[in-house]
Structure formats: structure tokens, C-alpha cells
Amino acid sequence: MKVTINLKITILFVTTFLFVCALFVLLGKVQIDSHLTNEQNRQKELIEKIIYNLEKKEDFSIHDYLLSQSFIMVENEQNKKYITTKGEKVFSVNSIYGSFSSIIYHNQIFFYVEQADVKQLYELNASARLEYLFLLSFFFSLILILFLYFSVLRSLVPLKILKKKIKNISIGKIEPLSEYSQINDEISEISFEFDYAINKIQELIKSRQFFLRMIMHELKTPIGKGRIVCEMLDDKKQKERLVSIFERLELLIDEFGKIEKVLSRNCQLNLQTYHLSLILEQAEDYLMSDDFYQKVKITYEEDAMIVADLELFSLMVKNLIDNAIKYSDNKSCEIICSADYIIVKNIGKQFKKTFDYYLKPFVREYNTQVEGMGLGLYIINNICNLHGYNLTYSYEDGYHTFKIIFSRLK
């Protein structure tokens, strides 16, 4: 089970909520018991004062006196009857002036006066009862907890946005976080710092792209002039050789441009359906090797049709073949084409590290005499991923086997 920050915060606040409820219930019971005890003692004193005043003052009114002591009379006869019959009479004082009792009903204490011709029930004025203040404190605490809970969750919203932005970066979609410019907390500050860092990285990527494209443009100018000069040569053999060299240079520059787009994730695939044989022909053109079929053995179990970007997929196959030939012990390789995959095999020594290690950029086998920058497998894997295909590797009986599986990645 995935334990998220939201879940942890929810558990924390639910626990706090239940704890506060339990605490208030316990304190409420203690408060009610204390209130009832104090009120009983108070009513005992009231009875003594009432009897004393009745003895000293002929015009003394019990009703007026009780009203002055924060009591109100229960007017409803049905409620009066129900309370006096169902309530618990905690004490009673009988005198020549009548009977005075304290009755507890539903955690409330009532004062009951019975005289010859009058029976009156009094209760504490609501404004004077402490339980209302207690309940007000309880509800205020719950509202405060709920406010803090939703406030903390709202503070986590920029974190969710940040997660979404990071996912979008992997597909080359970069969006600003300006919608949180008015929020001023630590998570928002992280989001803004991340946004700032991404903008700087974007600027660096644009600078690199501009620099590479400028170099490629500047290289094409002397190549174009060289080809014009070649056309002026009288020696046909030298002319063809120089034209071939300049064409290869142009092809290499175009290849660098495609690789730059792939590695910067700034590449839109032109997907169409092609035969594997056509893709291999294009890869052969990219290699520009006169002895291609002396070095490469191709077996078609089926000349299947696959969905691919012809230029990029051919470039990937070209790099795979080029790597297989360069690192082979006999400077050759074998290609097997099927409906579900294409395999490139070559004889060689087993890798000293795991296959994942060689998929990283600028990584090459140690103590090798082969020239290169160590970008071959990195480029191959990136183009494969762009198409949604899977690149696998195995080593068996002295053969390196690279397989491109055409089924979509899961």
C-alpha cells in the first residue's frame, strides 16, 4: 500500500479529532458532575435563605427571589409533570412554608417548590449554564482542527503541481508555476526554485541547440563550396572520390542534427508503415560502406512491415550494425528479420558490466582500441523508446545478441 503525505496528514488529523472528542467527553462528564454538585450545594443555601427571609419578611416572594438568582420558571405543564415524576430527587427540605427539592433530569438540575396552593418548577437560565460555554469551546476546537486540516492539504497542492510538472518535463513539456505566485509557504518556495532551475536548464538547452545548429550550418558552407570546386575537376576518378567524401560529410552533419533532436527530446516522429528491407537499405546508405554485404549477413524469416519513422529508425539500425561490426572479433555481424523483432548478432568477448551500464551516455568498454564517444547504445535505446519498442540484450555461446521487439512497451 502506498503511504502518501496526504494519507499521513489525514490519519494524524483524524487521530487528533478523535482524541479531542474523547477528551471533551471526559472533561464534559467531569464538568457536569462538578456543576451538579456545586449547584446542589448552592440550592441548599438558597433554601436556607428562602426560609430565613420568609420568617423575617411577610411580603417576601419566592418567585422574585429565584428569578434574581438566575432561575426561570418552567411554564409547560407537561414538561413540569414529566420532570417531577421521571427526574431524580437528590434532596428535599420540608418546612412550615412548604417543601423545597432539587431534581436532576438529563444532567440538568431543577429547583422544585411545593406550597399549599402552588407547585412551581424552576431551571437555570440558559445564559447562566456553564455547559453551553463548554459546548461552544468544543465546537470551536473542532472547527479549528478542520480548518487546519484543509489548510495543510491546500498547502500541499503546489507539491502535486510540482509532481505533474516533473512528469511533463520527461516528455519535453515545460510549464510555469506562476499560478502560485500569491502563496507564501515552504512548498511553494520549493516549486518556485524548481521552476527557476527548469527555466535555466531550458535556456542552456536552447543555447546548446543554437550552438550545434550554428556549427552545422557553418560546416555546410565549406562543404557546399567544396562540391562546387569538385565539379571543375577534369579527373573523373578524383572528382567522384571527393564528391563521395563531401556527401558523407553532409550525411554525417544531418545525422548529428537528428541525434541532437532525439537526445534533447525535441523530436516529432513521422510514423508510417515500412518493410524491414527498406529500413535496412536506408541503414546501408547511412553506413556508406563499399563492402557492406561482405561484413553483414541478412536473413529474412519474414520481410515484415512495421510502424516507424524511416529516418530515425534507419539511423538506429545503422548505429546497431556499426557497433556490432566495430566491436566484433571478426569485424562482421548477422541480422535476422522477423515479424515480431529484428536481431543483430556479433562474435565478441562478454561485457564486463551489466547491459544497463552501457546504455548510459559516454560509456565504453575499458581497454578497447575502438574509437568512439560511447553514445551508440545510448542513442539506439532512446530512438527505440521513442517508437515504443523494446531493446533487449543477451550473450550466449560467444555471441552478443541485440533484439528490437516491435510489441509496444507496457
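The values are calculated or read from the model by the stated rules, or taken from the named source; none is laboratory data. A quick note: this is a predicted structure, and the numbers were derived from the prediction, not measured. Neighbour counts run over all protein chains shown; Cβ positions are idealised from the backbone, glycine included. Note: accessible area is taken over every heavy atom of the protein model, side chains too, but ligands, DNA and RNA are not part of it. Shrake-Rupley method; radii C 1.70, N 1.55, O 1.52, S 1.80 Å.
The listed peptides 68-81, 376-389, ordered by packing as a protection proxy, come out as 376-389, 68-81 (highest mean of other Cβ atoms within 10 Å first). Taking the Cα centre of the range 5-129 as reference, the dipole from Cβ charges on Lys and Arg (+1) and Asp and Glu (-1) amounts to some 580 debye.
Say the cut-off is 24 Å between C-alpha atoms; which of LYS297/LYS349; LYS206/LYS403; LYS167/LYS200 go over it?
Among LYS297/LYS349; LYS206/LYS403; LYS167/LYS200, the Cα-Cα distance tops 24 Å for LYS206/LYS403.
Of the whole protein surface, LEU23 contributes about 70 Å² of accessible area at a 1.4 Å probe radius. Of all DSSP-defined beta bridges confined to the range 269-405, some 80% are antiparallel rather than parallel. Among the protein heavy atoms, those of HIS275 account for about 80 Å² of accessible surface (1.4 Å probe, every chain in place).
In straight-distance terms, cross-link reach from LYS225 covers every one of the aspartates and glutamates whose alpha-carbon lies under 20 Å from its own, apart from those fewer than eight places away in the same chain; here that gives ASP234, ASP235, GLU240, GLU247, GLU250, ASP254. Look at the dipole of the range 1-108 built from charges on Cβ: of GLN78, PHE100, CYS21, the Cα furthest out on the positive end belongs to CYS21. FRET efficiency for the pair ILE205 and ASP397, taken as 1/(1 + (r/R0)^6) with r the Cβ-Cβ distance and R0 = 56 Å, rounds to 0.80.
Sorted on the mean count of surrounding Cβ atoms within 10 Å across their residues, most packed first, peptides 290-296, 243-249, 96-102 read 96-102, 243-249, 290-296. Put a plus charge on the Cβ of each Lys and Arg, a minus charge on the Cβ of each Asp and Glu, and nothing anywhere else: the dipole of the range 269-405 about its Cα centre is then about 640 debye. Dividing the mean sequence gap of close Cα pairs (under 8 Å, 6+ apart) by how many residues the range 5-129 holds gives a relative contact order of 20 percent.
The gain in end-to-end length when the LEU269 to LYS163 segment is fully stretched comes to 35.5 nm, 0.36 nm per residue minus the alpha carbon separation.
Residues ARG241, ARG154 ordered from highest to lowest accessible area at a 1.4 Å probe: ARG154, ARG241. Annotation: peptides 53-59, 221-227, 317-323, 338-344, ranked by per-residue average of other Cβ atoms within 10 Å with the highest first, follow the order 317-323, 338-344, 221-227, 53-59. Partner lysines whose Cα lies under 17 Å from the Cα of LYS80, excluding those fewer than 8 positions away in the same chain, are identified as LYS89, LYS119.
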